[in-house]
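Here's the structure we're looking at; comments come further down.
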Amino acid sequence: MKADVSSSGPPLVELKGISKRYGDLLANDGIDLSIEPGEIHALLGENGAGKSTLVKILYGVIEPSAGEILWEGRPVAIGSPVEARALGLGMVFQHFSLFDEMTVAENIAVALSGEWSLATVRGRLSEISRTYGLVLDADRAVWTLSAGERQRIEIVRCLLQNPRLLILDEPTSVLTPQESEHLFVTLDKLSAEGCSILYISHKLEEVRRLCRRATILRAGRVVATIDPRASTAREIAALMVGSEVGEIRTDAPHVPQEEVLRVDHLGMPPAGLHGQALKDINLVARAGEVVGIAGVAGNGQSELFAALSGERLAERADAIAIAGRACGTAGIDARRRLAAAFVPEERLGHAAAPTHRLSENTLISHAATEVSRSGFILVSAAKRLARSIIKSFDVRTPEGDPQARKLSGGNLQKFVIGREIIRKPKLLVVDQPTWGVDAGAARLIRQALVDLAREGSAVVVVSQDLDELFEVADQMAVIHQGRLSPLKPIGEWTREAVGLEMLGVAQAQGGAHAV
Amino acid sequence: MRFELMPRTSVSPVARALAPVVAFIISFLIAGFVIWLMGRSPIAAFDVYVLQPLSDPWSLQELLVKATPMALIAIGLSYCFRANLWNIGAEGQYVMGAVLGGWLALNTHGTEAGFWVLPLMLTLGIIGGALYGLIPAFLKTRFGVNEILTSLMLVYVAQLALDYLVRGPWRDPKGFNFPQSVTFDPSATLPPILESGRVHYGFVFAVIAVLVTAVILGRTLFGYRLKLTGDAPRAARFAGFNSSATTMTVFAVSGGLAGLAGISEVSGQIGQLQPSISPGYGFTAITVAFLGRLNPLGILVAALVVALTFIGGESAQILLKLPLDLTQAFQGILLLCVLAADALVSYRIRLVTRGGGK
């Protein structure tokens, strides 16, 4: 399946056996990758597949645990982004680093080293604008620009340093289709001039439009290097999300019980520049079942979580009903009092305060637990609660009541999930329950979620990990660009069908639901 | 080559306790060096700054008098700062408390108004400060305006308003055209705690504020709300704490305490309204709040320490002809040293040479 890329000399850059270990988690596992001069090479994979880690290693942001990088055949050590730039690497991050109050030229000048005056920057800027069709007004303040224009600044900033390899991380995630097409034209031109491009994406159509070769990562490993134009979307989807045969779960249909959560035509505008709007979401979760929501990150999962938890309020009260009570316009405390519980994706800073002790962290869900009375904290009750969570969920702590940040990811996750499960909520909504968690903790957490459902609660699990959803979910839907697919029993889903929904090509290919 | 701060894996409680002491000694050494550069004896300066005020009963009372407004204001500021909200305008809230409370004193001047004047004055002082503090809070929550700028700029508005009042409508007609109001009646004067002493009841208010705040911050959900808002704002929202409500509340509390400090100072210490009623207590209180590490008891101690530099600074001006600006510089050095010491207790400095430094 490997595509033929003819070249005479050595590849521009070659990664050999790159591994990166974070505690128990192997984010990159012996990755080999080579990029030829002038090639546009795609790096495909689900979120969490290890794309960002690999790119950060290449750009000198993080150090690999093992493996080597060859630059034009010579081994190099890239210790920092400064060294990476000196070598000829340029990177455009998904999130821009620009000063809103400064002009385009000023933003470019501050990022470059000392010898660039504002006048030289202006001159080169107009030159590059002309050559690559990157239209930019040097004197406009950044806050007046659109996302596409802001991205152009970042690209121009890289091009001013004459890069040999340009890395783009999900560049179209904030662009309109027209802006995207404009970007592709620029990239084609750059490639024709001999600049290599590493293009990171999970959008299949773009990759097929731009690239001849794509490396597909899954769970930190290279699963294939292919020519994306020679493979079908189905094949690529299967490669990205795992094998497509023999893994369909054939559970006996669970007994439907009373409805605990009903989401009815929920819509919500995006929260910011990088936000995703929710569009006409319909969802029902019944007591006794686990409902899985699959999807690639950034398709509205965190927005859906915020809407369900009440961190963002819906416009209509009846858009969301918990235990039969309309609560779309009620805050998170009110929903907790309806016996709902929530676990957000971010452990540190969202689910828990890093510098606070675990007993203090029990206060975060104070609205539904007995840790305060008439405004006063019941310190001993909070400590007792923390102790019993630690005991019931096997949380390994360095001391009796440590700060949350002292716990490993898996142990903290057990704690924040335990904090909610221990009071037996009627509804539990959890976003990415085992994100970045070691295998042992992940198993314990999944078991706890399933047990909670079997005891008569409704559990909604939002996850990017398909294996996890196939393991725990009774019903599943896929979220893509803020829209939720119909909910279907897990036995009716194939990985392929899920993959197509995740990539947004299910409708285009027609009838992928009806496998 | 650059320096990096690396978090220490374990922080010894002894080091944490000793940090302010070491910071204090280092700031004295720096100040001594500056004084030596100015051609004076650092030892004589130390004697004038520290030893003499602490050995003289009059100065000791003065210490409490000066510490009172700073402690009251800094206690209020600690509510804001814990929640990562930056009220820099306590000076203005102090002035507005004095203005609104003073308004009642001037309007009951020469009448037979009784015991109710003083409590009402103090209440008005609190309300004046709180309302003035709510302006930046409202602008922040409603329009997203940076509270640092608005609260700071409102200080000048308050000062100029007071200036206008005492030069214009509120000027004492028999005051030989001096820009000051009439002297408050006894019924509008905050009495001293001891009959012959100079320390007025404002100090009692400060002590009460310290104790109440210690309970609120340590034992109540509201105290935890502030801590959580400051340390992990997203977790605070997740906990159901509305950030706008938090902002409004802490600005009202800190403005109210600054206003109480203002009216206490005017009615217990100065006895009338005049263009300047504070040597910058509202700004120095920011230093005091951080010197005391936002801990109520720590703030009380820090207020006393900073009051000492004020009194020492005044005598140094008289006895050693050292400029009063040096006192402010010294307060600044002290704050920097304490913050640096705190940082070095939790972090160690690592020198990174080019090329990784591993």
*Out of all the residues in the range B:215-233, is one or more at pLDDT 95 or above and under 13 Å from the mean Cα position of the chain (by Cα)?*
no
*What number of residues within the range B:9-63 satisfy the criterion of being part of a loop (DSSP other than H, G, I, E, B), touching a residue at least 12 places away in the same chain (Cβ under 8 Å) and more than 30 Å from A:ARG405 (Cβ to Cβ)?*
2
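Could you run through the range A:254-283 and say how many residues are over 13 Å from A:ALA319 (Cβ atoms) and either among the polar types (S, T, N, Q) or at pLDDT 85 or above (or both)?
First pass over the range A:254-283, keeping only residues over 13 Å from A:ALA319 (Cβ atoms): A:254-260, A:269-277.
Filter once more, so that each one left must be either among the polar types (S, T, N, Q) or at pLDDT 85 or above (or both): A:257-260, A:269-270, A:276-277.
Total meeting the criteria: 8.
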*List every residue pair whose Cβ atoms sit under 8 Å apart, with the two residues 6 or more apart in sequence or on different chains, where the first one lies in the range A:86-98 and is at pLDDT below 85 and the second, anywhere, is of a type in the set (Lys, Arg) and crowded, with 17+ Cβ neighbours inside 10 Å.*
A:PHE96/A:ARG150
*Under the condition of being in a helix (DSSP H, G or I) and not hydrophobic (A, V, I, L, M, F, W, C), which residue from the range B:64-84 is surrounded by the most Cβ atoms within 10 Å (Cβ to Cβ)?*
B:GLY76
*Would it be correct to say that A:ILE35 is over 20 Å from the mean Cα position of the chain (by Cα) and either at positive phi or within 14 Å of chain B (Cβ to nearest Cβ) (or both)?*
no
*Could you pull out the residue among A:GLU206, A:GLU170, A:GLU154 that is in contact (Cβ under 8 Å) with a residue 24 or more places away in the chain and closer than 24 Å to A:GLU14 by Cβ?*
A:GLU170
*Tally the residues that are touching a strand residue (DSSP E or B) at 6+ places or on another chain (Cβ under 6 Å), facing chain B (nearest Cβ under 7 Å) and outside any loop (DSSP other than H, G, I, E, B), restricting the search to the range A:335-361.*
0
*Kindly indicate whether any position in the range A:150-160 is farther than 18 Å from A:SER201 by Cα, over 28 Å from the mean Cα position of the chain (by Cα), assigned by TED's automatic domain parsing to the domain that holds A:LEU58 and modelled with pLDDT of 80 or more.*
yes
*Report yes if some residue within the range A:185-207 is crowded, with 22+ Cβ neighbours inside 10 Å, within 27 Å of the chain's Cα centre (by Cα) and assigned to a loop (DSSP other than H, G, I, E, B); otherwise report no.*
yes
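So that you can scan it fast, the table gives a plain yes or no per residue for (1) more than 17 Å from B:PHE81 (Cα to Cα); (2) exposed (fewer than 15 other Cβ atoms within 10 Å of the Cβ); (3) under 16 Å from the mean Cα position of the chain (by Cα):
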residue: B:ALA289; (1), (2), (3): no, no, yes
residue: B:PRO296; (1), (2), (3): no, no, yes
residue: B:VAL305; (1), (2), (3): yes, no, yes
residue: B:PHE310; (1), (2), (3): yes, no, yes
residue: B:ILE318; (1), (2), (3): yes, yes, no
residue: B:GLN328; (1), (2), (3): yes, no, yes
residue: B:LEU335; (1), (2), (3): no, no, yes
residue: B:VAL345; (1), (2), (3): yes, no, no
*asked:* Quick test for you: out of A:ILE332, A:ILE364, pick the one residue that is touching a Gly at 6+ places or on another chain (Cβ under 7 Å) and facing chain B (nearest Cβ under 7 Å).
replied: A:ILE332
_Out of the residues in the range B:197-238 meeting the condition of being without any contact (Cβ under 8 Å) to a residue 60 or more places away in the chain and within 29 Å of B:SER267 (Cα to Cα), tell me which one is farthest from the other protein chains (Cβ to nearest Cβ)._
B:VAL204
*Filtered residue count, the range A:370-379, keeping only those that are more than 11 Å from every other protein chain (Cβ to nearest Cβ) and under 23 Å from A:GLU399 (Cβ atoms)*: 0
_Any pair with Cβ under 6 angstrom, 6 or more apart, that starts in the range A:316-338 at a residue that is under 19 Å from A:VAL459 (Cα atoms) and ends at one that is of a type in the set (S, T, N, Q) and in a helix (DSSP H, G or I)_ = A:ILE332/A:SER309
*Among residues of the range A:46-81, those that are buried (at least 17 other Cβ atoms within 10 Å of the Cβ) and of a type in the set (D, E, K, R), counted*: 3
*Does A:ALA353 fit the bill of being free of Cβ contacts under 8 Å to residues at least 60 places away in the same chain, crowded, with 23+ Cβ neighbours inside 10 Å and of a type outside the set (Lys, Arg)?*
yes
_I'm told B:LEU297 meets every condition in (1) within 14 Å of chain A (Cβ to nearest Cβ); (2) more than 25 Å from B:VAL99 (Cβ to Cβ) except one. Can you identify the failing condition by its number?_
(1)
*Which residue pairs have Cβ atoms under 8 Å apart, sit 6 or more places apart or on different chains, and have a first residue in the range A:359-384 that is closer than 22 Å to A:LEU348 by Cα and a second that is acidic (Asp, Glu)?*
A:SER359/A:ASP401; A:SER365/A:GLU420; A:ALA367/A:ASP333; A:ALA382/A:GLU360; A:LYS383/A:ASP401
*Report, by residue number, each residue of the range A:82-107 that is under 28 Å from the mean Cα position of the chain (by Cα) and exposed (fewer than 15 other Cβ atoms within 10 Å of the Cβ).*
A:VAL82, A:HIS95, A:SER97, A:PHE99, A:ASP100
*For A:ALA382, are the conditions met, namely being small (Gly, Ala, Ser), more than 11 Å from chain B (Cβ to nearest Cβ) and either in contact with a Gly (Cβ under 6 Å, 6 or more places away or on another chain) or surrounded by 17 or more Cβ atoms within 10 Å (Cβ to Cβ) (or both)?*
no
*strands (runs of 3 or more DSSP E) wholly inside the range A:399-515 that include at least 1 residues being in contact with a helix residue (DSSP H, G or I) (Cβ under 8 Å, 6 or more places away or on another chain) and at pLDDT below 90*: A:475-480
*Report, by residue number, each residue of the range B:160-172 that is of a type outside the set (D, E, K, R) and either surrounded by fewer than 19 Cβ atoms within 10 Å (Cβ to Cβ) or not in a helix (DSSP H, G or I) (or both).*
B:LEU160, B:ALA161, B:TYR164, B:GLY168, B:PRO169, B:TRP170
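If you take the residues in the range A:300-329 that are in a helix (DSSP H, G or I) and not aliphatic (A, V, I, L, M), which one is nearest to the other protein chains (Cβ to nearest Cβ)? Steps first, answer last, please.
Keep residues of the range A:300-329 that are in a helix (DSSP H, G or I), which gives A:301-309, A:317-319.
Right, trim to not aliphatic (A, V, I, L, M) and you get A:301-303, A:305, A:309, A:318.
Working: A:GLN301: 16, A:SER302: 11, A:GLU303: 14, A:PHE305: 10, A:SER309: 7, A:ASP318: 22 Å.
Once the filter is applied, the top-ranked residue is A:SER309.
The values are calculated or read from the model by the stated rules, or taken from the named source; none is laboratory data. Everything quoted here is computed from the prediction, not taken from an experiment. Note: ideal-geometry Cβ built from the backbone for every residue, glycine included; neighbour counts use all protein chains shown.
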